[in-house]
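Read the structure below first, then the notes.
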Amino acid sequence: MRVTRLPIPDTLGTPESAAFEELVGVLNGIVVDLWGDDDFVETAEQALAAHREQDYTERIVFVAIEEDAIVGRVEVVFPLNADSETASLLVDVVPALRGRGIGTALLAKGHELAAEGGRRVVSAYTEHPIRTLEGAERLVRASAGSAGLPAESPAVRFVRRHGYSLGQIERSSELHLPLPPEREAGLTMPLNGFRLVSWWGAAPDELLERFAAMKARMSTDIPQTGIAVDPEDWDGERVRSQERTLVARGEPLLVTVAVHEASGEIAAYTELAVPADGTKAEQYDTLVARAYRGHRLGTAVKLRNIQELGRRAPHIRRILTWNADENDPMLAINRAFGFRPHALTGHWQKTLE
Ligand SMILES: CC(C)(COP(=O)(O)OP(=O)(O)OC[C@H]1O[C@@H](n2cnc3c(N)ncnc32)[C@H](O)[C@@H]1OP(=O)(O)O)[C@@H](O)C(=O)NCCC(=O)NCCS
């Protein structure tokens with residue numbers, strides 16, 4: 001077995017892109033094995049679009065190769081703000097070859113790359129579909145929230161053996177569409193002093209900088225007990241860059257913002273990544289600025305965005321969303337919409353020596 005850097009190709013369908021395309025296939029096999037469905041299967045085009053954006057986030061991939069086949073990979077994700085201290089590691093090994101040290105070798109390479117990149121704190125993630133959570137005897141808990149992860153799951157054993165602590169648990173939840181009319185009616189309320197604006201794909205120029213300022217708050221104004229996260233710098237150009245990446249991935253963002261009419265400020269926003277085909281949309285950010293909390297704006301922007309989704313993309317039948325386990329206000333809003341538990345994600349961290 002050898003661990004070697006994976007070149008990121010300029011285009012697909014060339015001899016230089018063969019290894020990249022092979023890795024996409026290997027990762028698709030791993031997610032189908034884990035989730036039992038194709039929710040997180042990607043085309044090579046979608047995977048490449050995520051790797052092409054290197055202005056705000058740098059991604060380095062090393063693969064484990066055995067008998068000329070890719071059997072695992074580590075992807076190191078570096079946020080590129082001036083004083084970033086963290087890096088994230090994504091480690092996956094093909095199911096048939098686990099328990100033989102491949103994951104350990106990939107993780108060691110990831111630690112080496114993070115240290116070379118000057119990062120002190122590394123994050124790793126474990127995914128736990130709802131069907132794998134029943135009957136666990138021992139649970140690992142984070143410092144906040146009420147959920148726990150099964151201590152005997154191979155992924156949990158792996159990260160703990162390598163010195164990681166559980167910083168935060170995220171709950172993912174799913175909602176089936178359309179909303180029943182009586183539930184929709186129960187969520188509808190008058191909005192005094194705010195105007196809702198929606199777009200799919202590109203923010204209107206006149207809201208661009210105000211929208212960017214709100215997105216910067218998404219890295220600081222949400223519950224993050226127990227984990228270190230680098231603040232993100234956002235400006236209009238970064239918003240445009242994310243829009244281009246998501247259009248290239250075939251899943252532009254459908255956004256609804258609440259504009260405070262007296263000041264012109266954006267008080268709240270919510271985003272769904274909506275593919276032109278397929279049946280599932282993914283919730284990205286939802287944020288109400290601190291000064292505007294308590295006016296039911298979170299419910300208002302989410303409801304309007306789901307109504308826009310029904311008009312613009314009626315083929316979407318499900319929404320998946322991710323929230324910190326300790327984020328009671330957001331989880332309560334999601335329950336009112338009818339979201340049901342889908343999975344837990346462990347966000348683990350370790351400080352490199
Ligand atoms: C977590 C994951 C990456 C581990 O990969 P792996 O190749 O099985 O990892 P290793 O073989 O190095 O270690 C797994 C176990 O095998 C044991 N092992 C067996 N032979 C070994 C060897 N020669 N060298 C090292 N460990 C060995 C380890 O002791 C370890 O035991 P543990 O479960 O008690 O900790 C893999 O299960 C996976 O891909 N899971 C899905 C993705 C995921 O959850 N990733 C989270 C980490 S970011």
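Observations on the model:
- Charge tally in the Cβ shell below 14 Å around residue 136, where Lys, Arg are +1 and Asp, Glu are -1, residue 136 excluded: +1
- Computed from the Cα positions only, the extents of region 295-338 along the three principal axes stand at 32, 23, 13 Å, in decreasing order.
- Calculated [θ] (222 nm, deg cm²/dmol) that DSSP helices of n ≥ 4 give over the chain, each run adding -39,500 (n - 2.57): -9500 deg cm²/dmol
- Between residue 41 and residue 55, the modelled labels are 3.3 nm apart [label points 7 Å from Cα along Cα→Cβ].
- Axis of helix 208-217 versus longest Cα principal axis of the chain: the two differ by about 60°, to the nearest ten degrees.
- Near the amide H of residue 58, within less than 5 Å, lie the amide hydrogens of 78, 80, all on another chain or at least 5 residues away, with H placed in the peptide plane.
- A compact globular protein would have a Cα radius of gyration near 2.2 N^0.38 Å; the ratio found for region 1-152 is 1.12.
- Take each peptide in 33-44, 282-293, count the other Cβ atoms within 10 Å of every residue, and average; sorted highest first, the result is 282-293, 33-44.
- Relative to one another, the C-alpha centroids of region 181-232 and region 143-169 are positioned 30 Å apart.
- Distant alpha-carbon pairs in region 108-245 (separation over 24 angstrom), percent: 59 percent
- Using only alpha carbons, region 1-77 has a radius of gyration to Kirkwood radius ratio (Rg to Rh) of 0.95.
- Radius of gyration over Kirkwood radius for region 244-353, both on Cα atoms: the Rg/Rh ratio is 1.01.
- Here residue 146 and residue 116 are evaluated by their C-beta separation; at R0 = 56 Å the FRET efficiency comes out at 0.90.
- Under a 5 Å amide H cut-off, with hydrogens placed 1.01 Å from N, residue 194 pairs with 261 among residues at least 5 apart or on other chains.
- Short to long, the 10 Å bins of the Cα pair-distance histogram for region 167-324 hold 10, 39, 38, 13, 0 percent of all pairs.
- Based on Cα atoms of the chain, Rg over Rh with Rh as the Kirkwood radius reads 0.96.
- Each peptide in 2-13, 315-326 gets a packing score, the mean of other Cβ atoms within 10 Å over its residues, and the list from highest to lowest is 315-326, 2-13.
- Total formal charge among the other residues, if their Cβ is under 11 angstrom from that of residue 30, Lys/Arg +1 and Asp/Glu -1: -1
- Take 259-269, 162-172 and order them by the average number of nearby Cβ atoms within 10 Å per residue, most first; the result is 162-172, 259-269.
- Total formal charge among the other residues, if their Cβ is under 14 angstrom from that of residue 207, Lys/Arg +1 and Asp/Glu -1: -4
- 5 angstrom amide H check on residue 140, placed H, neighbours 5+ away: 149, 151
- Extension gain for residue 240-residue 195 works out to 13.9 nm (0.36 nm per residue, less the C-alpha to C-alpha distance).
Since every read-out is calculated from the coordinates, none of them should be taken as a lab result. Just so we're clear, the structure is a prediction, and the values are computed from it rather than from any experiment. Note: ideal-geometry Cβ built from the backbone for every residue, glycine included; neighbour counts use all protein chains shown.
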